[in-house]
Structure formats: structure tokens, C-alpha cells
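Notes follow the structure.
The values are calculated or read from the model by the stated rules, or taken from the named source; none is laboratory data. This structure is a prediction, so every number in the text was calculated from the model and none was measured. So basically every Cβ, Gly included, is an ideal-geometry build from the backbone, and we count neighbours across all protein chains shown. In case anyone asks, the SASA skips ligands and DNA or RNA and just uses the protein heavy atoms, side chains included. Shrake-Rupley method; radii C 1.70, N 1.55, O 1.52, S 1.80 Å.
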Amino acid sequence: MKSIVCVKRVPDTEARIRIAGDGSSIDPSGVKFVLNPYDEFAVEAALKHKEAAGQGEVTVISVGDASSAETLRTALAMGADAAVLLKADRTPEGLAAAKVLAAEIEGREYDLVLFGMKAIDDDLQAVGPMVAELLGIPVVSAVTEFSVDNGKVTAHREIEGGAEVVELRMPCALTITKGAYEPRYASLKGIMAAKKKPLEEKPASVDAPAAQATLSYPPERQAGRIVGEGPDAVPELLRLLRTEAKVI
Amino acid sequence: MAGIFAFAESRDGELRKVAQEVVTAARKLADAAGTEVHAVALGGSGLSGAAGELGKYGADKVFVGESGAFDRYSPEGFTTVIVNFIKEHGCDAALFPATALGKDLAPRVAARLGVDYLSDATGLDAEGGAVSVTRPRYAGKVFGKVAVSQKPAVISIRPNVFQAAESPKAGAVESLDVDLGSADFGAVVTEIKAAAGEKLDVSEAPIVISGGRGLQDPANFKLLEELAEAFGGRAAVGASRAVVDAGWRPHGDQVGQTGKTVAPTLYIAVGISGAIQHLAGMRTSRYIVAINKDPEAPIFKVADYGIVGDLFQILPRMTEEVKKLMA
Ligand SMILES: Cc1cc2nc3c(=O)[nH]c(=O)nc-3n(C[C@H](O)[C@H](O)[C@H](O)COP(=O)(O)OP(=O)(O)OC[C@H]3O[C@@H](n4cnc5c(N)ncnc54)[C@H](O)[C@@H]3O)c2cc1C
């Protein structure tokens, strides 16, 4: 089975996000960048299914600037076989990113295309379904676990208050969320091996974004009031919720 | 202007509450742009009665597509019907709910139409012919505002943010042809598991009571469930990642950067320290209450009200007092 996993380089979840002088991007100084946590689930899923099948190939692809090579190396160190960097001067989002990825995937042989459910920087949750639409293959999003059998994928997907079971014809795309695939740590051996694995770089032409976002900080939440200590503070809390906040 | 499309989500023949919110948001945009709201509901049969109600929230026309094939969500079927509808009727903006279904459907619709998609909007405006969208990025650490010049602007809106408001219109119901012939879909929902439709989801509940590692044992979540019940079916129980990772609660309950983003009117954090990744998922809640024995816990920095103390003593008292209030 041949799997392709699309991955993105994003600021660490701990990072304090500061808006840059241009008002539409973030200031990267002092920010640690990591492999998007949801993409880690997708890489793990691809590796697990390859291991279960006892054969196959996992290729990771990223579109972004030169620094994304480091992110691809992380996925190679986890165990992916090969990597492709579609090199652009910036990391595109949404449809612009989907177009670049779809154009690359189109020319490849694959059974599965996996994505993280969303990138934790743009929070769009769009690229997976968009790539699938552009490729004309079926897709399901927010998958916690899937099985592969006889050219068919059975996927469990999170919905409000439960789960849906979806059957897909291969080749297909899945976006993976937290569930059955706990990402492995790259071992020292894995990190050493990753250095020797193929990482192909190709120039990508990225559409200009349809519109540029103006960034702002959310209103600071004022630290509120400690109503009191222990259970005796409960009646006062409920009184405030009822008469001041008017939420109950 | 060519109308605002509003997708009215249903489940088991019933419209979901978020459908009213989507139509309300569409009404506001339509008024600003001087155009009509076209609400579309798709599902199994028996939907038209429910759909008729959407006029109350501002739909000028309600299109109902009923088909046995739509008893369950059909990813490709819904996409095709909606794209055909938009091509035929035209639209300036297409609004979807940022629910599991909406977030699966809207980006496909956008890609098939060849336009961008903005998810989880918390603010919408129409200015000078363009729809502008405000939405959280970096899990709400910053917000981005975009004026979308492409048509249609495909957007999903965050549940609970656009409060449903009545703004009655004729809301004439028309039926929509959803016969897709012998379409052979590559993805089919074969089963719906667990308490779907019954259990209130953290992303939609007006009150969310979340528990963290301070609960000490999965069995103690019953204290949160009892409190949620005391609120009379309006509250859902959520969790921090620490307890989800420990296997105490399912991932679907996790609030935070790698869980769900929630915006209830009341968020009660119990035995949760308030790590940055947790705050990212709940800081847009209208009111936040924290219960924690550590007065230095970061959660108190974002909470409107806090009680310092042992949750095992505070929760039973709270359940008792809420019951009295609700009686
Ligand atoms: C990539 C990444 C993604 C993450 N995503 C998320 C996410 O989506 N959501 C999330 O929540 N976290 C997330 N985290 C984890 C986050 O950093 C914290 O580890 C987690 O939120 C801590 O959970 P907690 O507050 O329940 O536990 P703790 O930090 O252990 O806090 C427990 C709290 O309970 C209090 N307490 C203990 N006993 C009592 C008692 N008897 N009465 C009252 N109070 C008591 C303590 O004072 C303490 O404040 C993520 C981390 C990473 C690295």
C-alpha cells in the first residue's frame, strides 16, 4: 500500500503568538516550530498500516519555505520512507495550498492520502477535503481510526455526541484526529536513518491568497473575582451567575 | 446581489439548533447587502415541516431536499446538490455551521466551486460588496479579519456565537430535486454509533462543565454529570487533555487546541490548571467559572468567577444549590 501524508510546519502549541509589524502575519522570532500535532497522528496512522500490511511505502509531502525540510525530517525520523518539499517563499493556506499538493499527488501512485484534521496555525480544517475534491477521490474528515481491507477503507469519524462509520473506495483521502494513533517518538536510530532518506525539493508556484487577513488580539480577559473559598462560596457564586452575569 | 445561501443542518428529520443560528447570521448579511436568504435543508423524508420554521429566523425561501438516500449524511451527495443549487441560483455568500458535518461539507463545496473557505467565523459583516469574516487563528491566540472578494464567500460559523434571533419572513417552502440518478459514491456513511443525537456536545451546549486531572479518577466524573443534569439538559461535560490522554474520557469531549473549541455562555472548569492549550479552546466562552484548590492556578487569570477549594466538597453543594434554583 502506498500512502502519502501531507504535513505542515507550525508554531508549537506553547508558543506565544505576536503579530508582526505588517499586521497580517506573526512574528516568528523566538517561536519554536514543530510538525503540526494533527499531522503526527496522520504519519503514525500511515506507519501503523504499513507495518500491519508488512509492506508499502509512506511518502510525506509539505508545501512551504526551506525550513519545512526540517519538519519533513521529523516525519522521516518517525519512519516515513521518503519526503518531498514543494518549495515556495511562503506557506500557503486553504485552496492555494490544496492546489499545490493536488498537482504533486496527481502524478504519483497512491492508495491513501492522509492529512491531519487541521493545521493548528490557520485552524482552517480545509486542505484535506479540498485536495480530495481537486483529485476527484472520496474523503472523510476527523477520523479517529480506520481499517483497510480489499481496496476498501472503513473509517470512524467523530460527530457531535457519537461517531459515524464511513466506507470509502480506494484511493481515498482521510483527515486524522486524535484517537487510535498515538504518535511515536523518533528514536536516535530513526533520526540517524532520516538523514540518509531521500528528501526531494521542487519549486512550487503558489497562487496569491484570495484575501489577506488583518490580525488582532482577542480582548484580554480580565481576571475576575475569587468569590470565596470552599463550598460555602457556592450560593454567592450562583447568585452572581444569576443576577450579574445572567447566564443561569 | 444574488442571495445568501444558508445550510440548515438536520439530524433524524429534526433541524439542529445551529440551523437557526446559520439562518440568523445569513439574515444579517442579507440585510446589509440588500439581498435574500435562501435556506437549504437536506435529509430523509419528514423535513419540510421543520424547515418551514426557518422563515421565523429570516429565510425568504426554504428549499427542502428529501430523499431516502439522505437519511444519513452523504458527503458527495450533499456536495453535488449544494453546488448545483448555488450554480443555478447564484449566491454572494454560502454559510454552513462549523459542526462535524458542516466542516466536512463546506470545504468540499468551496473546492468544487474553486473558491476559498473560511471556517469557524465568530464575526460576519458586509462592507462595500465584500463579505468580511472574523475568525480565530492559532486556537484563538489571535483573530484574523478577511474581506472576501471572491463569490461566493464560503464560510462556516461557530455554533453558539450567532445567537438565533427571530426576524420573520415568508419562508415559503419549495422542494428541491435531489435525485442524483445512479450516482456511485466513493464514500458512504454505513452506521451511526453511540449516543448520536442524544448526548449534548460540548461544542454546542450553552453550558459546559469540564473536568481535569483534579478529578483524580474517571469514576468521579459522575460529580460533573450530576451537576450537568441539575442544569436540566442544557449542560455538557467536557475534559482537559490530561484526562483524555489517561483514557478517562473520549477525545470527543476534549476542549482545547487539539480538542474542541467551545464558546458556551457558561464554562465551568473544575480541577483544571488552565494550560495555554486548554485556554485556547475555551477562552471565547461568555463567562468562565473556575474551581481549583490552588489559588495560583492560571485558570483564575481568565475566569470571571472562581472558588478556591476542594472540588469534592464544592461540586455536591453546587449540584444541590442548582437543583434548588431550577426547581
Ligand atoms: C501539542 C499539545 C496539545 C495540547 N492540547 C491540549 C488540549 O487540546 N486541551 C487541553 O486541555 N490540554 C492540552 N494540552 C495539555 C496541556 O498542556 C496540559 O497538560 C493539560 O491541559 C493539563 O490538564 P489538567 O489541567 O486537567 O491537569 P493538571 O495541569 O494536572 O491540573 C490539575 C489541576 O487540578 C487542581 N486540583 C487537583 N486536585 C483538586 C481538588 N481536589 N480540588 C480542586 N482542584 C484540584 C490542581 O490544582 C491543578 O490546577 C496539550 C499539550 C500539548 C503539548
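Identify all residues within region A:106-131 that are open to solvent by less than 10 Å² (accessible area, probe 1.4 Å) and over 21 Å from A:V10 (Cβ atoms); write none if there are none.
Once the filter is applied, which keeps residues that are open to solvent by less than 10 Å² (accessible area, probe 1.4 Å) and over 21 Å from A:V10 (Cβ atoms), region A:106-131 yields only A:L112.
Please give the helices (runs of 4 or more DSSP H) falling wholly within region B:39-139 in which 2 or more residues are of a type in the set (V, I, T).
On the way: elements: B:48-52, B:75-89, B:100-113.
Those helices (runs of 4 or more DSSP H) span B:75-89.
Of these, B:E226, B:E204, B:E191, which one is acidic (D, E), away from the ligand (no atom under 15 Å from the Cβ), open to solvent by 30 Å² or more (accessible area, probe 1.4 Å) and facing another protein chain (nearest Cβ under 9 Å)?
Just a single option satisfies the conditions, and that option is B:E191.
If a residue has to be over 25 Å from the mean Cα position of the chain (by Cα), open to solvent by 50 Å² or more (accessible area, probe 1.4 Å) and over 17 Å from B:I4 (Cα atoms) to count, how many in region B:156-179 make the cut?
3
Counting just the residues of region B:298-325 that are more than 17 Å from B:G214 (Cβ to Cβ) and surrounded by fewer than 16 Cβ atoms within 10 Å (Cβ to Cβ), which one comes out nearest to the ligand (Cβ to nearest atom)?
Only one residue tops the list, namely B:E320.
Here's a check for you: in region B:244-266, which residue that is within 13 Å of the ligand (Cβ to nearest atom) and over 23 Å from the mean Cα position of the chain (by Cα) is nearest to the other protein chains (Cβ to nearest Cβ)? Steps first, please.
Residues of region B:244-266 that are within 13 Å of the ligand (Cβ to nearest atom), as a first pass: B:244-246, B:248-249, B:251-262.
Still in the list and also over 23 Å from the mean Cα position of the chain (by Cα): B:245-246, B:248.
Values: B:D245: 9, B:A246: 12, B:W248: 14 Å.
In this case the residue turns out to be B:D245.
If B:R112 passes every condition in (1) facing chain A (nearest Cβ under 8 Å); (2) under 30 Å from A:D27 (Cβ atoms) but one, which one does it miss?
Exception for B:R112: condition (2).
Is there any pair with a first residue in region A:7-28 that is on the phi > 0 side of the Ramachandran plot and a second that is among the β-branched types (V, I, T) whose Cβ atoms are under 8 Å apart and which are 6 or more apart or on different chains, and what are they?
Note: pairs meeting the criteria are A:G23/A:T214.
Inside region A:206-221, can you point out the residues that are over 16 Å from A:T91 (Cβ atoms), in contact with a Lys or Arg (Cβ under 9 Å, 6 or more places away or on another chain) and either open to solvent by less than 70 Å² (accessible area, probe 1.4 Å) or more than 7 Å from every other protein chain (Cβ to nearest Cβ) (or both)?
Within region A:206-221, A:S216, A:P218, A:R221 meet the criteria.
Determine if region A:209-226 includes at least one residue that is out of contact with any Asp or Glu (no Cβ under 7 Å at 6 or more places or on another chain), acidic (D, E) and over 28 Å from B:Q257 (Cα atoms).
There is no residue in region A:209-226 that is out of contact with any Asp or Glu (no Cβ under 7 Å at 6 or more places or on another chain), acidic (D, E) and over 28 Å from B:Q257 (Cα atoms).
Pick out the one residue from B:R234, B:R286, B:R241 that is open to solvent by 40 Å² or more (accessible area, probe 1.4 Å), within 13 Å of the ligand (Cβ to nearest atom) and more than 30 Å from A:K152 (Cα to Cα). Please lay out each step first, then the result.
Working: B:R234 fails: within 13 Å of the ligand (Cβ to nearest atom); B:R286 fails: within 13 Å of the ligand (Cβ to nearest atom).
Matching residue, one of B:R234, B:R286, B:R241: B:R241.
Take the residues of region B:207-223 that are within 14 Å of the ligand (Cβ to nearest atom) and over 19 Å from B:I299 (Cβ atoms): which is farthest from the other protein chains (Cβ to nearest Cβ)?
Among them, the one singled out is B:D217.
If B:L101 satisfies every condition in (1) open to solvent by less than 10 Å² (accessible area, probe 1.4 Å); (2) within 14 Å of another protein chain (Cβ to nearest Cβ) but one, which is the exception?
Unmet for B:L101, out of (1) open to solvent by less than 10 Å² (accessible area, probe 1.4 Å); (2) within 14 Å of another protein chain (Cβ to nearest Cβ): (1).
Suppose we keep only residues that are within 10 Å of chain A (Cβ to nearest Cβ) and surrounded by fewer than 23 Cβ atoms within 10 Å (Cβ to Cβ) within region B:267-282. Which one would you say is farthest from the ligand (Cβ to nearest atom)?
B:I276
Of everything in region A:10-57, what is within 14 Å of the ligand (Cβ to nearest atom), assigned to a strand (DSSP E or B) and more than 10 Å from chain B (Cβ to nearest Cβ)? Give them in sequence order.
Within region A:10-57, A:F33, A:V34, A:L35 qualify.
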